[in-house]
Amino acid sequence: MDLPVLLINIDRAIERRQLIEGQAERLGIRLERVQGVDGSKVPPDQWVDADRDLFLKRNGRPLMTGEYGCYKSHLKAFQQLVDSGAPAALIIEDDVALSEDLMLRAQSVAATVRDGCVVKLVNHRTLAFRHLFTTPMGDRIGLSRFGPQGSAACYLLTRGAAQNLLEPLRVQSLPFDMALERVWHHHVPVYTAEESLLEFGDLRSQTFIASRADYKQQKQKGLAKIPTHIFRVKEALLRAFQTLS
């Protein structure tokens, strides 16, 4: 399968783009850039399809400009795949480090799963993994019973999944990686590789979303976080039920 690789990159992330394009050239990987939405350039009063009140309740902190841009950028990648007519694509963020076997392994994943699904190929955690498929290249694909897993830095997206996700994910009330995993909401199968196919690159620390300190500073405390705790417990139960069914 000729698997397009869609690289999400905002205009001011020049160093990241140059680094990953250099890697791609050495490895013979052709990248198609998705011009990312730079949240810092969009005033909050001009945000579109962002439920800021619900985001605050669900996350215990306000929606940040970088998170808004990241979310919109991934939806642009979805639309770009749909418009291209390709059966599937590899979606990557510009902070990953490409590897020699990436395309063979990703194509092997694409040949193993059915249309209409997503396969996360990079995660921060995979807890209580439920194995479903093994690719010809030996990668184990399945479900993580606990989450969120974190990261949407690299995933296989089929065209059918992109079409079916655009409307359910249109309005933002969570960070993109969390929204993507909510199968009980959008009803599109989302699988995960047991082991990540890629590592993160040298420039990952130069974040364009928010630092750990930014997240900590914005967090609500005390009784104000009760709606967030209730939401997270409910999500954990829905996820467990989904992965067992």
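Can you name the strands (runs of 3 or more DSSP E) wholly within the stretch 91-172 that have at least 1 residues being under 17 Å from the mean Cα position of the chain (by Cα) and surrounded by fewer than 22 Cβ atoms within 10 Å (Cβ to Cβ)?
The qualifying strands (runs of 3 or more DSSP E) are 140-146.
For the stretch 1-37, how many residues are more than 30 Å from Asp49 (Cβ to Cβ) and not basic (Lys, Arg)?
13
Output the qualifying pairs, or none if there are none: Cβ atoms under 8 angstrom, residues six or more apart or on different chains, first residue in the stretch 24-52 and at positive phi, second residue outside any strand (DSSP E or B).
Cβ pairs passing all conditions: Asp49/Arg170; Asp49/Val171.
Tally time: how many residues in the stretch 58-75 are in a helix (DSSP H, G or I), more than 15 Å from Ala179 (Cα to Cα) and not hydroxyl-bearing (Ser, Thr, Tyr)?
1
So Asp2 ticks every box in (1) at pLDDT below 95; (2) in a helix (DSSP H, G or I) but one. Which box is left unticked?
For Asp2, the failing item is (2).
Scan the stretch 25-57 residue by residue and report those that are surrounded by 17 or more Cβ atoms within 10 Å (Cβ to Cβ) and assigned to a helix (DSSP H, G or I).
Gly39, Phe55, Leu56, Lys57
Return yes or no: is Ile8 in contact with a helix residue (DSSP H, G or I) (Cβ under 7 Å, 6 or more places away or on another chain) and crowded, with 18+ Cβ neighbours inside 10 Å?
When the stated conditions are applied, Ile8 passes them.
Quickly run through the stretch 154-199 and pick out the residues that are farther than 18 Å from Arg125 by Cα and without any contact (Cβ under 8 Å) to a residue 60 or more places away in the chain.
Gly160, Ala161, Asn164, Glu167, Pro168, Trp184, His185, His186, His187
In the stretch 58-90, how many are of a type outside the set (A, V, I, L, M, F, W, C) and surrounded by 18 or more Cβ atoms within 10 Å (Cβ to Cβ)?
Residues meeting the conditions: 14.
Would you mention how many residues in the stretch 191-245 are under 23 Å from Val113 (Cα atoms), at pLDDT below 90 and exposed (fewer than 14 other Cβ atoms within 10 Å of the Cβ)?
3
The values are calculated or read from the model by the stated rules, or taken from the named source; none is laboratory data. Note that the structure is a prediction, hence the values are computed from the model and not measured. When we count neighbours, we look across all protein chains shown, and the Cβ atoms used for this are built from the backbone with ideal geometry, even at glycine.
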